Structure formats: structure tokens, C-alpha cells
1. May I ask which residue of Val109, Ile82, Asn213 lies farthest towards the positive end of the charge dipole of the chain, with charges of +1 (Lys, Arg) and -1 (Asp, Glu) on Cβ and the Cα centre as origin?
2. Express in nm, to one decimal, how much length is gained between Lys130 and Glu169 on full extension, taking 0.36 nm for each residue of separation and deducting their alpha carbon distance.
3. Which value does Rg/Rh take for the chain over its C-alpha atoms, Rh per Kirkwood?
4. Any idea how far apart Gln139 and Gln260 come out in nm if each label point goes 7 Å out from Cα toward Cβ?
5. If contacts are Cα pairs under 8 angstrom and at least 6 residues apart, what is the relative contact order of the range 174-288 in percent?
6. Can you give the extra length, in nm with one decimal, that the chain gains between His72 and Gln98 once fully stretched, where that is 0.36 nm per residue apart less the Cα-Cα distance?
7. Using a/c under 1.5 as the rounded threshold, could you call the range 132-264 rounded, prolate or oblate? The axes a ≥ b ≥ c are square roots of the C-alpha gyration tensor eigenvalues, and prolate needs a/b larger than b/c, oblate otherwise.
8. Distance check, please: which entries in Lys106/Lys127; Lys60/Lys220; Lys198/Lys220; Lys198/Lys241; Lys24/Lys130 exceed 31 angstrom between their Cα atoms?
Amino acid sequence: MKSYISISCLPAPTFIEGNFVTFKPGDRHPNRDDLPYFVLMLMTQGELFIAEDGENYTVKAGEMFILRPRHHHYSWQPVQQITSYYWLHFYVSGQWGQGSSPISLKPAVQVPTLHYYTPIQTLHLLKHTKLPESKRLIQIVKQLFRESTSSQGFGFWRSQQLFIDILQEIQLHPKEESKLETLSALIQRYLRDNFTEKITNETLAHELHFHPNYVVRALKQTIGLTPAEFLSKYRMEEAEKRLLDSDLSVSAIAENVGFQNVYYFSTSFKKFSGLSPQAYRKAKKFIE
């Protein structure tokens, strides 16, 4: 059965270190359970008999394999021939998981939607698979190693950019996930363009020609919010902007961002920001 590793990319995974290693017959992979990094292994020669938490794998030349951080890694038998591979340690500070299918994960930091913003992305990788475009991939790895030892100030940034290139080369694009991401983008655009109107799941289903339950699922699985939650959040961010950038009354702002009842708007805004609209305006303008 295939195993998939899903990694939230906000913050992005970070390359830590790497190298090229060769094992002789009789050698074993280190036995450890305290490594805080993922290990990406790109096999170029021979076979490696590696185990993780009691599950045995045989990784052959032309394949890649990923070990999880703080799990037990060891050889379940010595190598039987000359075996070589590139390895890269990378650190993930956000959510991640391994399972029988890819999953979408929430980012570790909140992403406002009022302005241009970073799209929420989950990286999906097969734990054990054949190397895609192996020659090109190995060339990028070699270049990464060269850049990471550069004494120039941009060495760090260049090595991280190359590591992201590697992740892009090996990532999966599940068909169902792509469909959900596409629909999620359409939902978000519709909500932002029509946030002053009354919008329900049925409204979205009618406009986008999908079942209401599928609409909710698409947004929830990709950004962790239902359409109602996204709409409420966006309205609150628009209200914050108007409170600071205009002299409109609270009731006028409430109406401008889609609320018919000023009391309900004030209650919702206080729940969102911790302050009433009047107190928010006063406090922020005083700070400025």
C-alpha cells in the first residue's frame, strides 16, 4: 500500500543539511529515533534495507524514500552490495502527517484575505517511489550543495530556492486535490467579489454548479474554513479597513460590509477583534 506524506507549506519546509554517502557490503544505516528532521533519500546505486518503526523497506537505485522526524530508523539487514544515495535533511515547523491518502492541512500561521496574500498550500509526497526525472533532480541537488557552502551572502537564499525546486519536482498533484483547489479558488473569489450580498451555501452551489455539500468540503479541506466562516472573516477585515480609513458611522460600515443589523455587526466585530467597533477605531487611531 502506498503511503503519502502531507506537509503544510506555511511556513515553508527548510533545507538544513545534506550529503552523498556510499555504503559497502555489511554496512548499516544509523540506528536512531531522535532526529528532528525529515530525511529525503535519493538512491543512485545498490539497495538499502531501511526500517521505520518496525516496517521494513527495500529502497533501490532510481528510487526516493522519506524518513519522518523523531521516528525510529534503522537497517533491518546490512547492505549486500555497494550502495550510494544523496540525502537531505529538512525541517518542518507546521503541520504534517503520513497516511494512505493525501490530506490538506491548515497553515501554522493565520493568513488574512483582505489584501494580496500567500495561497495556502499542502505539499504531498509519496514516501517511497521511483525518482521523477532523476538526472535533472540529481543535478539540482548537486547545485544545492554547492550553493549551501558558498561564502556569499545569498548562499542561504539560493540553497533554499533550490530546495523548493526539488520539492516541486517530487511533489504529487492528486486529481481530486486539484479539483478541490480549483473550486476553492472560485469560491473565495466569488465571496470576495460579492461579500456585501447575502450568500448561502445554496447561493454558491447555484453560481458554481456544484452540490452545496461539495462546495463546503472544497473550502474546508483547502483553507480550513467553511464559506460562512470565510465570508465573516473577510467582512470583518473590510470593516477594520473602513473604521481606520474613513469617518463613516458604525451603522454605515455595517451596511457596507453586508450586515443589516448594526447590533449583530458590533457583536461579531468584538468577537473577531476583541474590541467594539468604536473602541477599535479609537485605539488604533490613537496608536497611529
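Quick note: the coordinates plus some simple rules give every number you see, no bench work behind them. A quick note: this is a predicted structure, and the numbers were derived from the prediction, not measured. We place every Cβ from the backbone using ideal geometry, glycine too, and count neighbours over all the protein chains shown.
1. Looking along the dipole axis, the top candidate is Val109.
2. 12.8 nm
3. Ratio of gyration radius to Kirkwood radius for the chain: 1.11.
4. Going from the Gln139 label point to the Gln260 one covers 6.3 nm.
5. Values: 99 pairs, mean separation 24.9, N = 115.
Relative contact order comes out at 22 percent.
6. Values: separation 26, 0.36 × 26 = 9.36 nm, distance 1.48 nm.
Gain in length upon complete extension: 7.9 nm.
7. oblate
8. Checking Cα-Cα distances, Lys60/Lys220 exceed 31 Å.
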